[in-house]
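Shown next, in structure tokens, is the structure this report addresses.
The values are calculated or read from the model by the stated rules, or taken from the named source; none is laboratory data. Treat the numbers as computed from the prediction; the structure is a model and nothing was measured. Backbone-built Cβ (ideal geometry, glycine too); neighbour counts: all protein chains shown.
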Ligand SMILES: *[C@@H]1O[C@H](CO)[C@@H](O)[C@H](O)[C@H]1NC(C)=O
């Protein structure tokens, strides 16, 4: 956790310096949007945290022991208790760059699309629905699914804000991730979505896996590293 500290952020053109220290050693990354001057990062070298440092919990509850076995998720595992069920969407273009968008409420935080799974909803359907609602994208095919749920805890302030909004008391989110191939043209992408939900994102870009991890909010970084490692065979 906490690999990167954003030291400076300015807009127009967006320039962001993040000084990152990981087990690869300290490094400074400078990124400018929307046309990245960065040499394309080699995904195979995405740093992995040692297992013992994972905040991620993988649950091992047999399906038969869970209350809702009606879900048609192909996962053999159930999400942990106390976490909001959510889908994450890793959308890639034909060049295997990954879709990320900046949050309207926190413009320095970029993320992959994600959203809650409705009661009784198949996670695959939720992924397709959330993608359409948040990005307007309809031309897409699911090509892989993470075999287990990945969870992250909300930092206290985020937990309070979101739970007030939702009228709930979730510790964090349990995410089922899907790798989705974009088969349309970039013009199809519309951050106003399909108009059914309030817009969440301000700008979008195709990024490398390293860029996505660098620009993610700290508490999501471990999940992002893990999911991008799970999908790595499809991203090369
Ligand atoms: C995928 O995104 C990258 C980065 O923006 C871009 O250079 C590439 O042309 C895109 N590929 C396709 C097929 O759209």
Which ones in the stretch 134-169 are within 16 Å of the ligand (Cβ to nearest atom) and out of contact with any helix residue (DSSP H, G or I) (no Cβ under 9 Å at 6 or more places or on another chain)? 141
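How many of the residues in the stretch 135-156 are in contact (Cβ under 8 Å) with a residue 60 or more places away in the chain, out of contact with any strand residue (DSSP E or B) (no Cβ under 6 Å at 6 or more places or on another chain) and farther than 23 Å from residue 235 by Cα?
Pass one, the stretch 135-156, residues in contact (Cβ under 8 Å) with a residue 60 or more places away in the chain: 135, 143-155.
Of the ones still in play, those that are also out of contact with any strand residue (DSSP E or B) (no Cβ under 6 Å at 6 or more places or on another chain) are 135, 147-148, 155.
Filter once more, so that each one left must be farther than 23 Å from residue 235 by Cα: 155.
The number of residues fulfilling the criteria is 1.
Can you pull out every residue in the stretch 170-181 that is touching a helix residue (DSSP H, G or I) at 6+ places or on another chain (Cβ under 8 Å) and either farther than 13 Å from residue 85 by Cβ or surrounded by 24 or more Cβ atoms within 10 Å (Cβ to Cβ) (or both)?
Answer for the stretch 170-181, where residues must be touching a helix residue (DSSP H, G or I) at 6+ places or on another chain (Cβ under 8 Å) and either farther than 13 Å from residue 85 by Cβ or surrounded by 24 or more Cβ atoms within 10 Å (Cβ to Cβ) (or both): 175, 176, 177, 178, 179, 180.
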Search result, residues across the stretch 78-104 that are loosely packed, with under 14 Cβ neighbours inside 10 Å, touching a residue at least 60 places away in the same chain (Cβ under 8 Å) and more than 16 Å from the ligand (Cβ to nearest atom): 82, 104
Can you spot a residue in the stretch 120-128 that is within 16 Å of the ligand (Cβ to nearest atom) and at pLDDT 95 or above? no
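Right, residue 216: within 29 Å of residue 78 (Cα to Cα) and either without any contact (Cβ under 8 Å) to a residue 24 or more places away in the chain or within 16 Å of the ligand (Cβ to nearest atom) (or both) or not? Quick ask: steps written out before the conclusion?
Values: within 29 Å of residue 78 (Cα to Cα): yes; either without any contact (Cβ under 8 Å) to a residue 24 or more places away in the chain or within 16 Å of the ligand (Cβ to nearest atom) (or both): no.
Considered against the rule, which asks whether it is within 29 Å of residue 78 (Cα to Cα) and either without any contact (Cβ under 8 Å) to a residue 24 or more places away in the chain or within 16 Å of the ligand (Cβ to nearest atom) (or both), residue 216 comes out as no.
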Only one of (1) without any contact (Cβ under 8 Å) to a residue 40 or more places away in the chain; (2) touching a strand residue (DSSP E or B) at 6+ places or on another chain (Cβ under 8 Å) is not met by residue 163, so which one is it? (2)
